[in-house]
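Take a look at the structure below.
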Amino acid sequence: MHDDGAQPSYIAGVRDNLDEVGAGFDRTPLAGPLFLNSVPKSGTHLIRNIVRMFVPEAQQWHREYIQIPNLRRNLQAFSQSPACASWGHLLFSDDSVLALKGVRHVLLVRDPYDWVLARARFYLSDEFQGSLNHIKNGAVSAEDVLNMMIVGVHQKSPSLDDVFLYNAVAWLGTGVRLVRYEDMVQAVDDIESKAAEAFFRGLLGDCGLAVPKDWRERVLAGADRKQSRTARENLTLGVELPETLPTIQRQLVDYVAPGLRALLGYA
């Protein structure tokens, strides 16, 4: 797997047991291919694991997270027959546009302010091994790390505006269904509400999936944070990060990517 930077990386962690959990549900075959795209560090495991509870395991593309470096060897994931649900971080390009022709395309994004913190937690965790290992365990301050997540690190990790430009902004207006991570979390947390039902009916419909009577049970099974190896509480950090992004770093986000939060519906 590659991270959102230019250098190879590795994510440690144990395999989840959601294949076994999902087998307990009567899942209707997927009629056409579906791709769950996302900005890295925006809740990929959450949306993927929820959808897995509605799609038969035989139609789930578990070979790889699909990204530009491995796109060509995973083109079969976008075939009409057999139809599959796949996922990854596929940035906008001529090759990715051609590959996704005729494929249902859902794009998950996250508030850039919170994304900076999520990205920092990921880079600092013991579970992640990559090009910035030397900044871990207190080698640099939390503020230093946050600024690296925003402006990038030359030839090692892209800036926030580059990540969002190619992984999200460039896809807007192409028929993609935009989903905000925060809306999904709120719907999970308030699963009995009419708003949550409307959200998941809309999401499942855009994925080409039926809404069975036990949809709530399936959503909660897939959303179990214990099943996500990159969930916040499942990462071990060597430096303490703030709960919310400090004012100066918020201003830096707005300077580096002016208009981004408004474009995505956050301001």
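Would you say ALA85 is among the aliphatic types (A, V, I, L, M) and more than 21 Å from ALA223 (Cβ to Cβ)? I'd like the intermediate steps shown before the answer.
Values: among the aliphatic types (A, V, I, L, M): yes; more than 21 Å from ALA223 (Cβ to Cβ): no.
Spelling it out, it is not the case that ALA85 is among the aliphatic types (A, V, I, L, M) and more than 21 Å from ALA223 (Cβ to Cβ).
Can you list residue pairs whose Cβ atoms sit under 6 Å apart, with the first residue in segment 49-67 being of a type in the set (Ser, Thr, Tyr) and the second being surrounded by fewer than 20 Cβ atoms within 10 Å (Cβ to Cβ)? Count only pairs 6 or more apart in sequence or on different chains.
So the pair list comes out as TYR65/MET1.
Of everything in segment 172-206, what is in contact with a helix residue (DSSP H, G or I) (Cβ under 6 Å, 6 or more places away or on another chain) and in contact (Cβ under 8 Å) with a residue 40 or more places away in the chain? Give them in sequence order.
Listed by number, the list holds a single entry, ARG177.
Picking from ALA83, ALA58, ALA77, ALA31, which residue would you name as being within 21 Å of the chain's Cα centre (by Cα) and either small (Gly, Ala, Ser) or part of a loop (DSSP other than H, G, I, E, B) (or both)? If you could, list the steps in order and put the result at the bottom.
Working: ALA83 fails: within 21 Å of the chain's Cα centre (by Cα); ALA58 fails: within 21 Å of the chain's Cα centre (by Cα); ALA31 fails: within 21 Å of the chain's Cα centre (by Cα).
Result: ALA77 is the single residue among ALA83, ALA58, ALA77, ALA31 that is within 21 Å of the chain's Cα centre (by Cα) and either small (Gly, Ala, Ser) or part of a loop (DSSP other than H, G, I, E, B) (or both).
Being at pLDDT below 95 and not small (Gly, Ala, Ser) narrows it down to one residue among ARG232, ARG261; which is it? It would help to see each step written out before you state the result.
Working: ARG261 fails: at pLDDT below 95.
Of ARG232, ARG261, the one residue that is at pLDDT below 95 and not small (Gly, Ala, Ser) is ARG232.
From the residues in segment 137-179 that are touching a Ser or Thr at 6+ places or on another chain (Cβ under 9 Å), closer than 23 Å to PRO246 by Cα and not in a helix (DSSP H, G or I), which one is modelled with the highest pLDDT?
GLY152
The values are calculated or read from the model by the stated rules, or taken from the named source; none is laboratory data. Please read these numbers as outputs of a predicted model, since none were measured by experiment. Reconstructed Cβ throughout: ideal geometry from the backbone, glycine too, with neighbour counts over all protein chains shown.
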